[in-house]
Amino acid sequence: MKNLSRRNFMRCVAAAAFAALFLFAGARPADSFAHTKDESIYLAGTWVKDEVGWRFFNQWNSTFPAGKWAEYQGNSYYFTDNGYMATGWHFINGCWYYFNPYEGKEEGSMVTGWVYDPDYGGWFYTNQIGILVTGWHKIDGFWYYFNPNSDGLLGIMAVSRVIDGSYVDASGRMNELP
């Protein structure tokens, strides 16, 4: 009888744990600190431009998205808290992203890969989910170093200097000393 009670107790505990996991696992969405397409809304509607910038009028609920990621025609966009499309550098959920600031079809779309920023006179790199990289990174078979310090030049690629005992040339690639 004692073994049967213990067995039933263990079954009840296991069932309660499973039920709690099943009921509460999806109750609160996991915090995401990087952009993923899963957290985006998908847009259907019309772009609207005014003196401040671009917004997107969502035809399904008659609103402008604000403080949200969105996907439109294969591109990722971020709409700031005032509902306008982000352009240039933006710090979102603890990460830096770059959005195309140039007028045209790709304006406002999140940029992945190499970014030349004329305001800083240098190159930056954003990974496959758009986050600015820092430190050493191997890109297309070559090592590059991106400033890890928040000194106003975070993420800028180092050129023509020695970093951690390794030389990076004028193209930013780790190389032999000249």
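Read-outs throughout are calculated quantities, based only on the coordinates presented, and are distinct from any laboratory measurement. Owing to the predicted nature of the structure, the values given are computational and were not obtained by experimental measurement. So basically every Cβ, Gly included, is an ideal-geometry build from the backbone, and we count neighbours across all protein chains shown.
Summary of values
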read-out: Cut-off 14 Å between beta-carbons: net charge of the residues surrounding Phe146, Lys and Arg +1, Asp and Glu -1; value: 0
read-out: Fully extended contour minus Cα-Cα distance, from Ser171 to Trp136, at 0.36 nm per residue; value: 11.1 nm
read-out: Percentage of interatomic Cα-Cα distances in the range 72-148 larger than 14 Å; value: 63
read-out: The range 108-177: Cα Rg divided by the 2.2 N^0.38 Å rule of thumb; value: 1.07
read-out: Residue-by-residue Karplus 3J(HN,Hα) for the range 134-151, coefficients 6.51, -1.76, 1.60, Hz, glycine and proline x; value: 9, x, 7, 9, 8, 10, 6, x, 10, 8, 10, 10, 10, 3, x, 9, 7, 10
read-out: Length released on extending from Asn82 to Ser150, taking residue separation times 0.36 nm less the Cα-Cα span; value: 21.8 nm
